[in-house]
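What follows is a short report on a single structure.
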Amino acid sequence: MLVEELLRRKYHVIVMTRGEKGGKDPNVQYAYWDVAKQTIDDAAVASADHIIHLAGANISEKRWTTKRKQVIVDSRVKSGELLVKSLQRSKHRVKTLVSASGIGWYGTDPSIPNIVPFTEDDPYEHDFLGETCYRWELATEPVKTMG
């Protein structure tokens, strides 16, 4: 998993969480955030050199009702916006912010195997997942102009 790999590479890891977490490894710290309430541990964010934003409700956990779709979108977009707001309040500048959306960006493969693979320059698909991925990535765009 990602945390284990980062620890193997000698990083100190801060995991943003909605619940109380604790562990025995002194190189893993847990910091509280609540995306719905737009609260975050600003000190934890300000101490980070690199941020990897992978937060989001599980898309395969429940049926995609209108309400569930909103949860899926909000969990990704509002969490990205919350990270940006925290970074804007801080004088500290991170070296890296990775906000990876998902393969849903591209839509369905036109053929398998696809003889013309998708690239980073391909536009997002105009369906629910494609637009969710687009909005997710757009939420962290302001970081690009923050230095």
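Taken together, the values in this text are just the output of simple stated rules run on the coordinates, not laboratory data. Since the model is a prediction, treat every value here as computed from it, not as a measurement. Because the Cβ atoms are built from the backbone with ideal geometry, glycine has one as well, and the counts that use them run over all protein chains shown.
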Where does the chain land at 222 nm, in deg cm²/dmol rounded to the nearest 500, when only DSSP H runs of n ≥ 4 count, each adding -39500 (n - 2.57), divided by all residues? -10000 deg cm²/dmol
Hey, got the dipole for the chain? About the Cα centre, +1 on K and R Cβ, -1 on D and E Cβ, debye to the nearest 20? 640 debye
Please give the Cα centre distance for the stretch 52-66 versus the stretch 85-139, rounded to the nearest Å. 15 Å
So the FRET efficiency between Glu120 and Asp34, C-beta based with R0 = 25 Å and rounded to 0.05, is 0.15
If you keep only loop residues by DSSP, which GluC sites (Glu not before Pro) in the stretch 1-69 have at most 16 other Cβ atoms within 10 Å of their Cβ? Glu20, Glu61
Name the long-range amide H neighbours of Thr17: under 5 Å, sequence gap of 5 or more, or other chain; modelled H, no Pro or chain starts. Ala31, Tyr32, Trp33
Report the percentage of all Cα-Cα pairs in the stretch 2-145 whose separation exceeds 20 Å, rounded to a whole percent. 55 percent
For the stretch 68-147, place one equal point scatterer on every Cα, skip the solvent, and apply the Debye formula. What is log10 of I(q)/I(0) at q = 0.14, 0.20 Å⁻¹? -0.55, -0.90
Say we join alpha carbon atoms closer than 10 Å with springs in a Gaussian network model of the chain; which of Gly80, Gly22, Gly107 then has the biggest fluctuation? Gly22
Report, for the chain, the % of DSSP beta bridges that are antiparallel, rounded to 5. 20 percent
Given 94-100, 83-89, 114-120, the highest-first ranking by average Cβ count within 10 Å works out to 83-89, 94-100, 114-120
Residue among Asp42, Asp109, Asp34 with the largest mean-square fluctuation in a Gaussian network model of the chain, springs linking Cα atoms under 10 Å: Asp109
Degrees, to the nearest 10: 66-89 long Cα axis against longest axis of the chain: 40 degrees
